[in-house]
Amino acid sequence: MEVKHTGMDRENKSVTRSNDVYQEDDGESTPLLGKSDQRVQLSKWKPLSQLVVLAVVYMLGYSPLSTLLNLERILYPDIGIYALVCNFGGSICSLVTASVIAKHLGAKGSVLLGWVCQAVFIAAHFYMEPYVILPVAFLVGIGHAQAWITNAVFVTALGLQYSEITGRPQGEVMGMFQGIFFAIFQFNGIWGNLISALVLNSPADDTTGNGSTSHAQGGNLSALCGSNFCPWEDTSGTYITQPDQYVIYIILGCFLGLVGSAFVIALLFLKDVKSTTGDSLHSLGAFLVTVWRLIFKRKMGLILPAFMFVAIGQTMILTEFITAFVSCEIGIQYNGWTAMFYSGGLILGSTLTSRLVKHVGWVTLFVFAACCNAACLLSMLFYEPSGFDSLWFYFLIPFVSALGDAQWLATASAYVGHVFPDQKWPVFVTVRSFIYVTFSLVYAYSNFACMDTKVYVMLGVVGMALLLSIIFLGITKNWHKSQNTQKIKFVQMPFDLRLA
């Protein structure tokens, strides 16, 4: 098997190799998709610095969407949830469109396309009519998915490069890079929700000293809120209120500013990465064949429920829990603060993953994640908070749940990047497609099921995801043992990297 070697300067710990990872601009190339045959010097700080730039870009760009997940049903009760269904429904098309877009725009171009689509989606909220927002949301979903798929490709490519430069184990580096990325990225839930919390801070019709409103029924809300909440029930006796239109416009304007900042930073500072033969971007047919083989022949289908659970978990907290518990029992002005606690848990969980992955096994991380989620779900079912006297409950549940969600996402992403390093595009297109299918299904039935039913469904998904993930870990471990038995020391890797 042919292996291309890389020259390493031991003194300055830098690597000289062909420009396989980054595409620098030259006089004959475009800024987005430029190609150069010049050889470049890459230190170990190069992939780390690009990782930070990438994380900051995604932190700013996705902050508005993460905030809209908990505001859509409140701000636009008639159509908000269906806009999210269309958005994630359009994202499912990425299974077909991702390879085509990536082939023509490249990785960096795909990221920029994602921010343009995000801006269009936010702008459509200024004129929230069904014939406008629903088709726009569907089309924008395609760009939304493309940006997320490209993010995973970027992180995997940078991790592989760092592993080759430093000689550190590939699995350890993948866990570290995923942890660093998500630790920074999860601040996206801070900025957007901080904006909404500050703008929505003054509740309407305040008549009491504890923040209650004149239309709410004090502590007699257990029959309407919490695990008994049903979307079709009359919520006029709760704390769910509709803010003024000008307040909504202020929030949307701030969201456009965040997306614009992400676009500018990506355009100026983010360098492109190239696809490889294993990415199967040469034709749509070859790409789909690769996806089919990954799911069934390589048993990647066993790890997909872990990613699907992340979608369900995020929806459960940011949409269902915040509506049924927070908005209903203490008021919409607390939505942003609750969501920020969820983001804080994601940040801490991602940081723990990057630190723990080299000290504990993959199975331990998955079990820890499942325990966090199960504990929160059972608390939603059996604990009845008493409004303002139990404020800790509305912040602790999102925080602990986020610890579990972060472990699922960072650990599963790192592991598939480690197991399938030379098939980044088909792997992460498959992952994101299944995530978007899950988002679409969850939002589609959201208005037709009560909160307790949703919790029971999620408990079942937790158990299934944990069981199948452990089975997948065992299968892939046997693959590596088989390779060692056959004395295969190196395999062809993307960007001419080697895997022992």
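The values are calculated or read from the model by the stated rules, or taken from the named source; none is laboratory data. All values derive from a computational prediction rather than experimental measurement. All Cβ positions, glycine included, derive from the backbone under ideal geometry; neighbour counts span all protein chains shown. Accessible surface areas use protein heavy atoms only, side chains included; no ligands, DNA or RNA. Shrake-Rupley method; radii C 1.70, N 1.55, O 1.52, S 1.80 Å.
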Any residue on another chain or 5+ positions along whose placed amide H is under 5 Å from the amide H of ASP272 is listed here as GLN23
Report the FRET efficiency, 1/(1 + (r/R0)^6), for CYS450 and GLN245, where r is their Cβ-Cβ distance and R0 is 30 Å, rounded to 0.05.
0.50
Amide H neighbours of SER43 under 5 Å, at least 5 residues apart or on other chains, H built in the peptide plane: list them.
VAL15
With every protein chain left in place, what is the accessible area per residue of the stretch 293-341 in square angstrom, probe 1.4 Å?
24
Would you mind putting 347-353, 449-455 in packing order, based on average other-beta-carbon counts within 10 Å, highest first?
347-353, 449-455
Chain lengthening between ALA286 and VAL457 when straightened (0.36 nm per residue, less Cα-Cα):
57.9 nm
Give me the one-decimal nm value for the distance between modelled label points at ASP389 and MET128, 7 Å along each residue's Cα-to-Cβ direction.
3.4
Considering only the other residues whose Cβ falls under 12 Å of the Cβ of MET128, what net charge follows from Lys and Arg at +1 and Asp and Glu at -1?
-3
Using a 7 Å offset from Cα along Cα-Cβ at ALA223, what residues in the stretch 429-469 end up with backbone N under 19 Å from the label point?
450-452
Extend 7 Å from the Cα of ALA375 along its Cα-to-C-beta direction; within the stretch 399-419, residues with backbone N under 18 Å of that point are 399-409
Going by average Cβ neighbours within 10 Å, how do the peptides 178-188, 70-80 rank, with the highest at the top?
178-188, 70-80
